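Trainee: To start, I am sharing the structure in question, which I have written as structure tokens.
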Amino acid sequence: MANSPSGDSVIGRVVRLMSAFDRQMPSMSLSGLARRAGLPLTTAHRLVEELARHGLIERSDDGELRVGMRMWELAARGSQALNLHEVALPFMEDVQAAVHQHTTLAVLDRGTVLYVERLSAADSALDSAHIAQRMPVHAASSGLVLLAYSPPSRQDEVLAGRLEQVTPETITDPLIIRKHLAEIRQRGFVALPGIGVTDWLGIAVPVFGPENKIVAALNAIVPRGEADVPITVPALLTAAHGISRGLGAENRPRGSRRL
């Protein structure tokens with residue numbers, strides 16, 4: 001039930017508080033948290049005290065607030081992402097050893113791409129695709145792979161929405177995106193430079209689960225001037241097949257064939 005001037009429910013206000021924390025602001029004062037969450041200070045104080053009692057928010061020694069370990073514990077229990085992470089990590093390590101670039105694992109969640117794992121390349125200047133970071137589906141190679149193997153109703157929903165121009169090379173025309181989705185299903189991978197971060201190329205392949213349904217995208221993020229697609233794609237496809245098999249996919253899923 002809503003009992004605030006904004007009409008938010010208690011749960012809605014809690015979500016606003018927890019969502020205020022991110023990589024740029026992993027901790028903050030109570031007043032800063034209230035500002036970022038768009039809540040009155042008294043409301044934020046009352047909710048923070050309750051969340052702190054349950055370990056969902058913690059106070060550091062200097063009094064700053066941060067997400068509590070209890071939140072991580074609860075989120076990890078029975079999480080599909082946790083099982084996916086455990087199966088995928090050894091294969092991701094193989095990919096990174098072969099291509100020496102950022103290797104990520106992403107899922108579709110609430111209409112966006114959510115990165116659930118990333119192995120970082122040493123000395124890379126890329127400040128994107130971090131764990132728990134989100135990207136628009138159409139502006140990430142992982143997102144296009146995930147969308148290509150999603151049901152038509154999901155594709156229609158995404159393409160009917162606002163398609164933000166993230167970089168000058170982001171594709172925002174639904175007809176052109178549909179053409180790329182068809183090519184992805186035919187070739188089993190995507191490699192489009194600059195659609196999410198101008199100077200980088202994401203090379204992504206699908207990961208399947210039970211009933212050969214798409215569950216994730218495995219991606220190598222490469223400086224666009226250093227990309228070697230013919231070498232990177234087979235490494236990704238081999239790893240994706242191993243992950244898919246570990247998740248219960250049947251045989252070699254459609255769309256994950258070798259070049």
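Trainee: So if each residue of separation counts as 0.36 nm, and I subtract the Cα-Cα distance between Arg224 and Leu175, what length gain in nm does that give?
Mentor: 15.1 nm
Trainee: Rounding to the nearest 10 and keeping the result within 0 to 90°, find how far the Cα-based axis of helix 174-187 lies from the longest principal axis of the chain.
Mentor: Compared with the principal axis, the helix lies near 60 degrees.
Trainee: Another question, then. Percentage of Cα-Cα pair distances in the chain greater than 21 Å, rounded to whole percent?
Mentor: So the portion of pairs separated by more than 21 Å is 62 percent.
Trainee: For the chain, set up a GNM with springs between Cα atoms under 10 Å and report which of Arg59, Arg187, Arg46 has the largest fluctuation.
Mentor: Greatest mean-square fluctuation among the candidates belongs to Arg46.
Trainee: Follow-up question, since we're still on this one. I'd like the FRET efficiency for Val10 and Arg134, computed as 1/(1 + (r/R0)^6) with the beta carbon distance as r and R0 of 35 Å, rounded to 0.05.
Mentor: 0.90
Trainee: Let me ask another. Roughly how many nanometres apart are two label points built 7 Å out from the Cα toward the Cβ at Arg35 and Ala182?
Mentor: 5.2
Trainee: Related question: Mind pulling the angle between the C-alpha long axis of helix 229-247 and the longest principal axis of the chain? Nearest 10 degrees, somewhere in 0 to 90.
Mentor: With rounding to tens, the tilt is 60 degrees.
Trainee: Next question, about the same structure. If you wrap a convex hull around the C-alpha atoms of the range 10-75 and split its volume per residue, what is the figure in Å³?
Mentor: Looking at the range 10-75, the number lands at 83 Å³ per residue.
Trainee: Would you mind working out the magnitude of the charge dipole of the range 10-75 relative to its Cα centre, with +1 at each Lys and Arg C-beta and -1 at each Asp and Glu C-beta, to the nearest 20 Debye?
Mentor: That gives a dipole near 280 debye.
Trainee: Over the chain, what is the relative contact order in whole percent, taking alpha-carbon pairs under 8 Å and six or more residues apart?
Mentor: 14
Quick note: the coordinates plus some simple rules give every number you see, no bench work behind them. Note that the structure is predicted; figures quoted are calculated from it, not measured. Cβ atoms come from the backbone with ideal geometry, glycine included; neighbour counts cover every protein chain shown.
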